[in-house]
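Chemist: Quick one: structure below, then a few questions.
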Amino acid sequence: MPRASINSKPEPRRVLTGAVLRASALLEITQSSLAQILGLSPSTVSRMANGTYTLDAQKKEWELGGLFVRLFRSLDALIGSNDTAARGWLNGQNQGLVGRPIDLIRSTEGLVRVVQYLDSARGRI
């Protein structure tokens, strides 16, 4: 593997892919669920995890990956780095969203709704 020079810029595809994988690991989201969230096949997410695939900025997966990281960052801002509480919120019933966020984020519309919900909650802090 080539060594990165001190002046080299991080590759956006690797950065976003890594952020998505780290967020899903901290939230204990399975590769199968992450595949649904990103609109990818489970085998593609497996390739992401082993470093042979990065999210493509020219495809919808890029936007969905960015929204997923935004969701994670919003939860972190609201709850702090308490991953257990974040997982509890994600898996719990939410009256404002009329459902469990973990179920909602499996569709594009649901992911957008959950991110907007968290953004509005952050705005009240």
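Chemist: Tell me which helices (runs of 4 or more DSSP H) are completely within the stretch 1-104 and hold 3 or more residues being among the polar types (S, T, N, Q) and out of contact with any strand residue (DSSP E or B) (no Cβ under 9 Å at 6 or more places or on another chain), or say none if there are none.
Modeler: 31-38, 42-49
Chemist: For the stretch 48-71, name all the residues that are touching a Leu at 6+ places or on another chain (Cβ under 6 Å) and over 14 Å from Leu34 (Cβ atoms).
Modeler: Once the filter is applied, which keeps residues that are touching a Leu at 6+ places or on another chain (Cβ under 6 Å) and over 14 Å from Leu34 (Cβ atoms), the stretch 48-71 yields only Trp62.
Chemist: Return a yes/no flag: does the stretch 52-72 have any residue that is in contact (Cβ under 8 Å) with a residue 40 or more places away in the chain, in contact with a Pro (Cβ under 8 Å, 6 or more places away or on another chain) and among the small types (Gly, Ala, Ser).
Modeler: yes
Chemist: Considering only residues of the stretch 105-125 that are in contact with a helix residue (DSSP H, G or I) (Cβ under 9 Å, 6 or more places away or on another chain) and part of a loop (DSSP other than H, G, I, E, B), which is surrounded by the most Cβ atoms within 10 Å (Cβ to Cβ)?
Modeler: Initial filter on the stretch 105-125 (in contact with a helix residue (DSSP H, G or I) (Cβ under 9 Å, 6 or more places away or on another chain)): 105-108, 110-115, 117-119, 121-122, 125.
From what is left, the residues that are part of a loop (DSSP other than H, G, I, E, B) are 105-107, 125.
Working: Ile105: 25, Arg106: 14, Ser107: 13, Ile125: 6.
Among residues in the stretch 105-125 that are in contact with a helix residue (DSSP H, G or I) (Cβ under 9 Å, 6 or more places away or on another chain) and part of a loop (DSSP other than H, G, I, E, B), the one surrounded by the most Cβ atoms within 10 Å (Cβ to Cβ) is Ile105.
Chemist: Please enumerate the residues belonging to the stretch 79-125 that are in contact (Cβ under 8 Å) with a residue 12 or more places away in the chain, more than 23 Å from Leu40 (Cα to Cα) and under 16 Å from the mean Cα position of the chain (by Cα).
Modeler: Asp83, Ala86, Trp89, Tyr117, Leu118, Asp119
Laboratory data are not the source of any read-out in this text; all were calculated from the coordinates shown. Fair warning: this is a prediction, and the values are worked out from it, not measured in the lab. Virtual Cβ from ideal backbone geometry, glycine too; neighbours counted across all protein chains shown.
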